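Undergrad: Would you mind keeping the following structure in view while I ask a few things?
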Amino acid sequence: MLTTMDKSAESIDISAGTVELLTRLREHGPMTRSEIGATTGWARPTVNKRIDELTAIGIAQPLAIPSATGGRPAQGFAFNPFCAYILAIDIATTATTVALCDLSGQPAVAQTINVGAENEPEDALHTICATADALLLQGLSISSTTEVSDTGAIQLFAVSIAVTTRVETVTGNIIQAPVMQHWENHHIREYFAERYHTPAFIENDANARALCKAYELAGDESHMVSHLLYVHAGMGLGAGIISSGSIMHGAFGAAGDIGHIHVFGNIGEHSLCRCGNTGCVEATAGGWAILQTLQTQGKAVHTLDDVVELASHGDVETVQLIRQAGRLIGDVISACVNMLNPSCIVVGGELSHCGELLMNGIRERVWARAQPLATKSLRIESCSDEAQAGIVGLAYAAIDQGLTSLDMLQDFANQQNR
């Protein structure tokens, strides 16, 4: 049966020590009161108080821990990832994926709709919210442990949104968006926060995917690859950068905009980019530029899926363009490798579906142009689960910030009684 929230949460004041305890339970796994006291140095009354705070809001739950000697199980406590969910919304150019993820980052239900950044924002947001509302109702059947509010709605911890452009760090507003130019004055973060009465986060899509891959490739939900570069090769070119275990946003949110680095050599040197400059690598190796070139040649292509289809059937002109794009993107990545020294590079986006036609050119240029010390143990691979990576990355973005924030945990305790 679905359970309702404990009304004692109304009077719960979350302390900084309680946030620390939650982090320990997430990283260590179930712990007894004695283990918590031994690892933290807290007195027994303090341990009891902080356990009570977490269990009152459902984010920790009692758990019997088997005895190593086969005796009576000990009373322990564990992080409960099913007490609430993240509403993850990944807005791509022509499609949007909406999902509910638990507090370990795993998707429970998801749906992709044919509405995206190319649509008018009012229409797109209306359709996205209708889809999200339907998933929230569907989510009530996710698990017998799912918490619900008095209104019968699934309990949300946060909304996390990805957009296919850069996001201003402080305000969360879309900035300099060729693809989303009609969205620049729509405060998306505030829109979703007000609609769902919960904190909202907004992130660039490449950053979200970089975060997912950093955890996935480490093979540990509590640790991540500390230095990773995710390259999104779609209609445009962008990158998500993980440096020292954190997303690199830059001073104003513009870090990773590699599509507007000037090309090396003569190829594409005078090509006009959507940003207004000439010679940007995106103007030759970006998906929109490849589409334009093929259409000029008389090819019946309308989407990047059409381009991938032509390449897979060995169309000569398409194969040449994809190979050239791989080499040009590889030139840019090699410069990034020399500057950032990542241990892993992951290439995603629709063009990555061309497989080795694209990846061979990237690897060729990186191995040839990046410094040997930086490439000594470097991994370069493609992303085969991009849609999933975007959703999971969005969940991690909200979890990493929310479950370590005193203010957000207090807000979570408060919102259960609104």
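We did not get these values from a lab; they are worked out from the coordinates using the rules stated. As the structure is a prediction and not an experimental result, all values here were calculated from the model. FYI the Cβ positions are ideal-geometry reconstructions off the backbone, even for glycines, and counts take in every protein chain you see.
Undergrad: With a Förster radius of 30 Å, plug the Cβ-Cβ distance of Gln138 and Thr404 into 1/(1 + (r/R0)^6) and report the FRET value to the nearest 0.05.
TA: Once the sixth-power term is evaluated, E becomes 0.55.
Undergrad: Two-decimal Rg/Rh of the chain from alpha-carbon positions, Kirkwood Rh?
TA: Here the Rg-to-Rh quotient is 1.02.
Undergrad: Now for a different question. May I ask for the angle, rounded to the nearest 10°, between helix 205-218 and the longest principal axis of the chain, with both axes built from Cα atoms and the value confined to 0 to 90°?
TA: 60
Undergrad: Placing unit charges on C-beta atoms (Lys and Arg positive, Asp and Glu negative, everything else neutral), compute the dipole magnitude of segment 210-384 about its Cα centre in debye, rounded to 20.
TA: 500
Undergrad: Multiply the residue separation of Ala368 and Arg72 by 0.36 nm, subtract the distance between their alpha-carbon atoms, and state the gained length in nm to one decimal.
TA: Once the chain is fully extended between Ala368 and Arg72, it gains 100.3 nm.
Undergrad: Just need the relative contact order of the chain here, percent rounded to a whole number, with Cα pairs under 8 Å and 6+ apart.
TA: 16
Undergrad: If you keep only loop residues by DSSP, which trypsin sites (Lys or Arg not before Pro) in segment 342-411 have at most 13 other Cβ atoms within 10 Å of their Cβ?
TA: The qualifying sites are Lys376.
Undergrad: Next question, about the same structure. Using a simple charge model, +1 on the beta-carbon of Lys and Arg, -1 on the beta-carbon of Asp and Glu, nothing else, what dipole does the chain show about its Cα centre, in debye to the nearest 20?
TA: I would put it at about 1200 debye.
Undergrad: Please list the non-local residues whose amide H lies under 5 Å from the amide H of Ile202, H modeled 1.01 Å from N, same-chain partners needing a gap of 5 or more.
TA: Residues meeting the criterion, in which the H sits 1.01 Å from N, are Ile161.
Undergrad: Per residue of segment 194-200, in order, report the coupling 6.51 cos²θ - 1.76 cosθ + 1.60 (Karplus, θ = phi - 60°) as ³J(HN,Hα) in whole Hz, putting x for Gly and Pro.
TA: 6, 5, 9, 6, 8, x, 10
Undergrad: Taking 0.36 nm per residue of separation and subtracting the Cα-Cα distance, what length does fully extending Ala110 through Arg379 add?
TA: 93.8 nm
Undergrad: Classify segment 210-384: rounded, prolate or oblate, from the alpha-carbon gyration tensor (a ≥ b ≥ c, eigenvalue square roots; a/c under 1.5 rounded; otherwise prolate if a/b is larger than b/c)?
TA: prolate
Undergrad: Given the C-alpha centroids of segment 95-122 and segment 41-87, what is the distance between them in whole angstrom?
TA: Going from one Cα centre to the other spans 32 Å.
Undergrad: A further question on this structure: Compare the Cα positions of Gly393, Gly71, Ala311 along the charge dipole of the chain (+1 at Cβ of Lys, Arg; -1 at Cβ of Asp, Glu; about the Cα centre) and return the one farthest towards the positive end.
TA: Gly71
Undergrad: Another question, if that's okay. Under the rule of -39500 (n - 2.57) per DSSP H run of 4 or more residues, summed and divided by the residues of the chain, what mean residue ellipticity at 222 nm is obtained, to the nearest 500 deg cm²/dmol?
TA: Calculated at 222 nm, the ellipticity per residue is -12500 deg cm²/dmol.
Undergrad: Can you tell me the length gained on complete extension of the stretch Phe252 to His223, counting 0.36 nm per residue apart and subtracting the Cα distance?
TA: Difference between extended and current length: 7.8 nm.
Undergrad: With axes computed from alpha carbons, what is the tilt in degrees of helix 121-138 against the longest principal axis of the chain, rounded to the nearest 10 within 0 to 90?
TA: Between the helix axis and the principal axis of the chain, the angle is about 40 degrees.
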